[in-house]
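Please read through the structure below; I'll follow up with questions.
The values are calculated or read from the model by the stated rules, or taken from the named source; none is laboratory data. Quick caveat, the model's predicted, so the values are computed rather than measured. No Cβ is skipped: glycine too gets one built from the backbone with ideal geometry, and neighbour counts run over all protein chains shown. Ligands, DNA and RNA are stripped out before the accessible areas are found, and what is left, the full protein with its side chains, is counted by its heavy atoms. Shrake-Rupley method; radii C 1.70, N 1.55, O 1.52, S 1.80 Å.
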Amino acid sequence: MGKQKRIGILTSGGDCPGLNAVIRAAVSHATLTYGWEVVGIPYATQGLLEGKTTPLTVHCFDLRGIDPLLSMSGTILGTINKGDTLARSSEILASYEALGLDALIAIGGDGSIKILHELARQGSWNLVAIPKTIDNDVALTERSVGFDTAVNTIADAMYRLTFTSASHDRVTIVEVMGRKAGHLALQAGIAGGADCILIPEIPYTIAGVCQKIDELRDRWGRKFAIIVVAEGAGSANDLPGVETQDLASLQCGMGQYIANQIASNDRDRLDVRVSVLGHIQRGGIPSALDRLIATAFGKAAVDLIDREQFDRMVAWQNGRVAAVAIEDVLARSPLFVDPNSYLVETARALGVYVGEGERERGREGEEGEEF
Ligand code: F6P
């Protein structure tokens, strides 16, 4: 066993399923394998600013011998996804110094990792990052904690919506999260059997959507349709001749906007309903895959600290955990869907309408050091 260390851990940005599983794994491995002390920093940079910590021990949430952290959604440490952090960096650096930490594990999306990386640079902190986001748009990792559960939640909602849509001969629009990336919509749309998938990376035309609805009815006798719409699908408006609109100028969500477009495109005879899944996508019991990734990431982050390999992010590549330089991650994030990817090709091969043309070629993944 090496030198006794005191390490901090925090969760930053929007919550997602699997955060507690990461905390559990990191605390268990640091305590049981290395004999280190682990403290949680509540509410991310807010806790850093206030110099607050909370003790974390193995089985700290033990209930009659049951440890709920592996399968509990949300984050026991609390989190924030806004603030004027960098404007108050000198205060944060002073508070951090007083905490006496040997290293910090930051669980966050690309925005949080960017801020903490900058603070770490200014304060010479020993930082290790773990990617989490239901948007799955952190570069150099095939998976971020929380994504798989959100895909499952959406696919489950689509299953439920399919039967009520079919019973009423309705077109159901399912609006999903993801900011300006379409990974969530594309993967859940394929897994849930959508008829149309509209994502920010590929412009759609409302004529294309309506043609698909007509084709289902005229060619196959299908009187209902399921359309998955990414909340950022309208952000492809910079392409000439495309019937899309910038999100900021919408007076409603993207799902309702598509419904309005369908109605005004001579399709008001169609019975259209909109389901906005919203923050339901951020809750629920983490899937087994998310728990597995969270656990592997938590362990790997602690091992990176032991090896004094800082300014790295743990990543999931080819079914294994790798370590990549945070700088490289930030240079390539957010990661968008590649319009020429196999998944887009797969959806189209099954007759799914995924828009036309391409907005931007997504950044290709690159491999990190094997962990
Ligand atoms: O980045 C995760 C995410 O859930 C996005 O998909 C969504 O646009 C956003 O956060 C919602 O943020 P908030 O919790 O502030 O409403």
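Between ARG273 and ASN81, what FRET efficiency follows from the Cβ-Cβ distance if R0 is 35 Å, with the result rounded to 0.05?
On the way: r = 30 Å, r/R0 = 0.85.
About 0.70, to the nearest 0.05.
For the chain, give the share of DSSP beta bridges that are antiparallel, in percent and rounded to the nearest 5; count only bridges with both residues there. Present the calculation step by step, with values, prior to reporting the outcome.
Numbers: 12 of 44 bridges.
Of all bridge pairs located within the chain, approximately 25 percent are antiparallel.
Points 7 angstrom from Cα along the Cβ direction at PHE163 and ARG121: gap in nanometres?
About 5.3 nm separates the two model spin labels.
Using a Gaussian network model of the chain whose springs link C-alpha atoms within less than 10 Å, name the residue from ARG88, ARG269, ARG222 with the highest mean-square fluctuation.
Highest fluctuation among the options: ARG269.
Among rounded, prolate and oblate, which fits the chain when a ≥ b ≥ c are the square roots of the eigenvalues of its C-alpha gyration tensor, a/c under 1.5 means rounded, and a/b larger than b/c means prolate?
Numbers: a/c = 2.32, a/b = 2.03, b/c = 1.14.
Verdict is prolate for the chain.
Give me the extension gain from ASP62 to GLU327: residue separation times 0.36 nm, minus the current Cα-Cα distance, reported in nm with one decimal.
Details: separation 265, 0.36 × 265 = 95.40 nm, distance 3.77 nm.
Result for the pair: 91.6 nm of gain on full extension.
Which residue, ILE76, ILE113, ILE227, tops the fluctuation ranking in a GNM of the chain built on C-alpha contacts under 10 Å?
Among ILE76, ILE113, ILE227, the largest GNM mean-square fluctuation belongs to ILE76.
So how much slack lies between THR33 and ASN318, counting 0.36 nm per residue of separation and subtracting their Cα-Cα distance, in nm?
Result: 99.9 nm gained on full extension.
Hey, if you put +1 on the Cβ of every Lys and Arg and -1 on every Asp and Glu Cβ in the chain, which of SER95, LEU70, LEU304 ends up farthest toward the positive end of that dipole?
In the chain, that residue is LEU70.
How much accessible surface does ASP338 have with a 1.4 Å probe, in Å² rounded to 10?
Around 30 Å² of this residue is reachable by solvent.
In degrees between 0 and 90, to the nearest 10, how far off the longest principal axis of the chain does helix 206-220 point, with axes built from Cα atoms?
Helix 206-220 and the main axis of the chain meet at about 70 degrees.
Sort CYS252, CYS16 from largest to smallest accessible area, using a 1.4 Å probe on the heavy atoms of the protein chains. Walk me through the intermediate numbers first.
Values: CYS252 45, CYS16 0 Å².
These residues rank, largest area first, as CYS252, CYS16.
How big is the accessible area of LEU99 in square angstrom, nearest 10, if you roll a 1.4 angstrom probe over the protein chains?
20
Taking amide H atoms as placed 1.01 Å from N in the peptide plane, list the residues 5 or more away in sequence, or in a different chain, whose amide H sits under 5 Å from that of VAL176.
Distant-sequence amide H within range of VAL176: VAL229, ALA230, GLU231.
Given springs between every Cα pair under 10 Å in a Gaussian network model of the chain, which of ARG332, ARG219, ARG170 has the largest fluctuation?
Maximum among the listed residues: ARG219.
Still on this structure: Once the Cβ-Cβ distance between ARG217 and ASN340 is put in as r, and R0 is 25 Å, what FRET efficiency do you end up with, to the nearest 0.05?
Details: r = 30 Å, r/R0 = 1.21.
Computed FRET efficiency for ARG217 and ASN340 comes out at 0.25.
Right, another one. Report ³J(HN,Hα) in whole Hz for each residue of the stretch 29-41, in order, from the Karplus equation J = 6.51 cos²θ - 1.76 cosθ + 1.60 where θ = phi - 60°; Gly and Pro get x.
These are the phi-based 3J(HN,Hα) values: 5, 5, 7, 6, 7, 10, x, 8, 9, 10, 10, x, 9 Hz.
Follow-up. Could you calculate the contour length gain from ARG88 to GLU308, that is, 0.36 nm times the residue separation minus the distance between their Cα atoms, to one decimal place in nm? Don't jump to the answer; show the numbers that get you there.
Working: separation 220, 0.36 × 220 = 79.20 nm, distance 2.77 nm.
Here the answer is 76.4 nm.
For TRP220, what accessible surface area do you get with a 1.4 Å probe? Give it in Å², rounded to 10.
The accessible area comes out at roughly 150 Å².
In whole Hz, what ³J(HN,Hα) sequence does the stretch 127-141 give by Karplus (6.51, -1.76, 1.60; θ = phi - 60°), x for Gly and Pro?
In residue order, the calculated couplings are 10, 10, 10, 10, x, 9, 4, 5, 6, 6, 9, 7, 6, 6, 10 Hz.
Would you compute, from DSSP H runs of 4+ residues alone, the mean residue ellipticity of the chain at 222 nm, taking -39500 (n - 2.57) per run and dividing by the full residue count, rounded to the nearest 500? Kindly include the intermediate steps, with their values, before the conclusion.
Numbers: 11 runs with 135 residues, N = 371.
Taking each H run of at least 4 residues, the total per residue is -11500 deg cm²/dmol.
Please turn the phi angles of the stretch 269-286 into ³J(HN,Hα) values with the Karplus equation 6.51 cos²θ - 1.76 cosθ + 1.60 (θ = phi - 60°), one per residue in order, whole Hz, x for glycine and proline.
6, 7, 9, 10, 10, 10, 10, 9, 6, x, 6, 4, 5, 9, x, x, 5, x
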